[in-house]
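The values are calculated or read from the model by the stated rules, or taken from the named source; none is laboratory data. The structure displayed is predicted, hence computed values, not measured ones. No Cβ is skipped: glycine too gets one built from the backbone with ideal geometry, and neighbour counts run over all protein chains shown. The area values use the complete protein model at the heavy-atom level, side chains included, leaving out ligands, DNA and RNA. Shrake-Rupley method; radii C 1.70, N 1.55, O 1.52, S 1.80 Å.
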Amino acid sequence: MNKKNRLTEVATVFFKLGCIAFGGPAAHIAMMEEEVIHKRKWIDRQHFLDLIGVTNLIPGPNSTEMVMHCGYERAGIAGLFIAGICFIFPAVVVTGVLAWFYTSYGQLPEVAPFIFGIKPAVLAIIASAILKLGKKALKNWEIGSIGILVLVCSLIGINEIIALLSAGVLGTLYFYTKEKIVSSPKSIIPFFLLNISTTTFIKISSLNVFWTFLKVGAILYGSGYVLFAYLDAELVTKGLLSRSELIDAIAVGQFTPGPVLSTATFIGYQLAGFWGAVAATIGIFLPSFLFVLLLNPLIPKMRTSKVLRYFLDSVNIAAVAIMISVLLAMTIDTLIDWKAICIALLSIFMIFFVKKVNAMWVVLGGAILGYILSLV
């Protein structure tokens, strides 16, 4: 397949995912696993795990960066940018429309019944990916022990970045000592963190909006709830935005497909209209493109060093453990009544017992069932 066809393929796959990828990073990665490994065989499961492990250690939205990595693997640097843009685009457009609606009418349209159905459906998708990735990551009982330890740490509330790094260091030291390997791996230069300094939540220039969200995108670790904490401290506590307005903005990112960071588009529109939305979107996602562009070529080289390979193996099982923790938390929050349980069970049946069913149909089916059951 020539480069042009590969780019077209990348654009098609990730635009589709951008339209149906509900449920947060764990669900996004689960859908990617189905598309790029099981269905299309772009990369093997081990390399996909390596990408997940390393992506968890850098700032930015994890699932969006995984999209960029997969695009890079399939079609080079152009594929990286095409994949990222196509994945982000549907969420940005939907969020922009909702921002206009919110500004004009002061409230958001009612979509709760559809989201109610989508949430239990994605539980099955995440479980399927955990099973497949876990089998590959679980290389021996020592690796399994590290995974269990990280799972326990995650369940009791220890920061996921600390858990991942600790797992990597612990695993490296253990296997290095066990094998008595003498090696001198190249050093890894850390990214330097910047201080956040947001601008006033009034009609301001698009350039200031861009700079504000560029800084947030360069240091943002974790989920959309971490973004909530940043914006709450910078906007709400300074009286520039009410907490209910901020919650509405975060909610938009949660119930639209794709990355929750599309929240930036919503807030950018409030700050400076259409061009403010564009500036905020580019600003918050641009660091991720640059991080992936710099990091992706280094990952295969990390595999060639035994010490760094131990680190990757340990971080990979830790990433799977954190996915399990996320799945457990989502299950507790989601399966709150018989309707959600029915949708979850039907989704599990579709994912695990119906051959070659696409995650898209599971998500759409969950949304439709959620609406139908809301009428009962």
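Multiplying the residue separation of ILE148 and ASP337 by 0.36 nm and subtracting their alpha-carbon distance yields 65.1 nm.
Accessible surface for the stretch 252-302, divided over its residues, is 31 Å² per residue with a 1.4 Å probe.
Calculated accessible area for the stretch 1-96 comes out at 32 Å² per residue, all protein chains present (probe 1.4 Å; ligands, DNA, RNA ignored). Within the accessible area of the stretch 263-376, the carbon and sulfur atoms contribute 78%, probe 1.4 Å, all protein chains present.
Relative protection proxy for 344-351, 97-104, from highest mean packing down: 344-351, 97-104 (other beta-carbon atoms within 10 angstrom). Applied to the stretch 58-72, the Karplus parametrisation 6.51 cos²θ - 1.76 cosθ + 1.60 on θ = phi - 60° returns per-residue 3J(HN,Hα) values of 10, x, x, x, 4, 5, 5, 5, 5, 4, 5, 4, 5, x, 5 Hz, with x for Gly and Pro. Calculated on C-alpha atoms, the gyration radius of the stretch 1-43 divided by its Kirkwood radius gives an Rg/Rh of 1.01.
For the pair the stretch 292-362 / the stretch 73-105, the C-alpha centres are spaced 23 Å from each other. Compute the Cα gyration tensor for the stretch 324-376, then decide on rounded, prolate or oblate, letting a ≥ b ≥ c be the square roots of its eigenvalues: rounded whenever a/c is under 1.5, prolate when a/b is larger than b/c in the other cases, and oblate in all that remain. Cα axes put the stretch 324-376 in the oblate bin.
Annotation: for a label point projected 7 angstrom from Cα along Cα→Cβ of ALA78, residues of the stretch 1-22 with backbone N closer than 13 Å are 2-11.
Shape class of the stretch 5-156 from the Cα gyration tensor (axes a ≥ b ≥ c, square roots of the eigenvalues): oblate, since a/c reaches 1.5 or more and a/b does not exceed b/c. Applied to the stretch 30-47, the Karplus parametrisation 6.51 cos²θ - 1.76 cosθ + 1.60 on θ = phi - 60° returns per-residue 3J(HN,Hα) values of 4, 5, 4, 4, 5, 6, 8, 9, 5, 8, 10, 6, 5, 9, 8, 5, 4, 5 Hz, with x for Gly and Pro. Note on exposure: MET302, MET66 ranked by accessible area (1.4 Å probe, complete protein assembly) read MET302, MET66, with the most exposed listed first. Using equal-weight Cα scatterers in the Debye expression, the normalised intensity of the stretch 256-376 in log10 at q = 0.17, 0.19 Å⁻¹ is -1.08, -1.08. With a Förster radius of 56 Å applied to the C-beta separation of SER205 and MET360, the computed FRET efficiency comes to 0.90. Exceedance of the 26 Å cut-off in Cα-Cα distance is limited, within the set LYS41/LYS139; LYS3/LYS119; LYS4/LYS301, to LYS3/LYS119; LYS4/LYS301. If the segment from ARG303 to LEU328 were pulled out straight at 0.36 nm per residue, it would be longer than the present Cα-Cα gap by 5.9 nm. Counting charges near LEU170 (Lys, Arg +1; Asp, Glu -1) among other residues having Cβ under 12 Å from its Cβ returns a value of -2.
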